[in-house]
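The values are calculated or read from the model by the stated rules, or taken from the named source; none is laboratory data. Note that the structure is predicted; figures quoted are calculated from it, not measured. Neighbour counts are summed over all protein chains in view; Cβ atoms, including those assigned to glycine, are modelled from backbone coordinates with ideal geometry.
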Ligand SMILES: [Zn+2]
């Protein structure tokens, strides 16, 4: 991978990290504990709990993606970015552009 390409991915990853941090911060606002409000009925309380657990798992997956992106940034600095961690072949550009946090190529991913 050329220096120019690495710079491109570094920018891309940093931008995605920024966006994720903003999203996570605003999601944290909505994942507040449910108030034991007696004015809402039993059903709507269950709905509120359900909605809460959905946004919590959503938040978890966002946090995981953030960690993977930060790891990808480290790989850029170490010079191992874009290499499959299983077969050590180059991960196709098309895949990296969609998911720069990828650590395996499509072949190794589907071979599980
Ligand atoms: Zn591979």
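The table below gives the values:
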read-out: Qualifying residue in segment 55-76 (condition: outside any helix (DSSP H, G or I) and either touching a strand residue (DSSP E or B) at 6+ places or on another chain (Cβ under 9 Å) or without any contact (Cβ under 8 Å) to a residue 12 or more places away in the chain (or both)); value: no
read-out: Scan of segment 68-89 for residues that are in contact with a helix residue (DSSP H, G or I) (Cβ under 9 Å, 6 or more places away or on another chain) and within 12 Å of the ligand (Cβ to nearest atom), ordered by number; value: 82, 83, 84, 85, 86, 87, 89
read-out: Failed criterion for residue 23 (all others in (1) closer than 30 Å to residue 97 by Cα; (2) at pLDDT below 90; (3) in contact with a helix residue (DSSP H, G or I) (Cβ under 7 Å, 6 or more places away or on another chain) hold); value: (2)
read-out: Where a residue in segment 88-112 is in contact (Cβ under 8 Å) with a residue 40 or more places away in the chain and its partner, wherever it lies, is within 11 Å of the ligand (Cβ to nearest atom), with Cβ under 8 Å and at least six apart; value: 90/83; 90/84; 90/105; 96/102
read-out: Hits in segment 91-112 - residues which are near the ligand (Cβ under 9 Å from one of its atoms) and either part of a loop (DSSP other than H, G, I, E, B) or touching a strand residue (DSSP E or B) at 6+ places or on another chain (Cβ under 7 Å) (or both); value: 91, 104, 105, 111
read-out: Some residue of segment 40-47 being assigned to a loop (DSSP other than H, G, I, E, B), surrounded by fewer than 12 Cβ atoms within 10 Å (Cβ to Cβ) and modelled with pLDDT under 90; value: yes
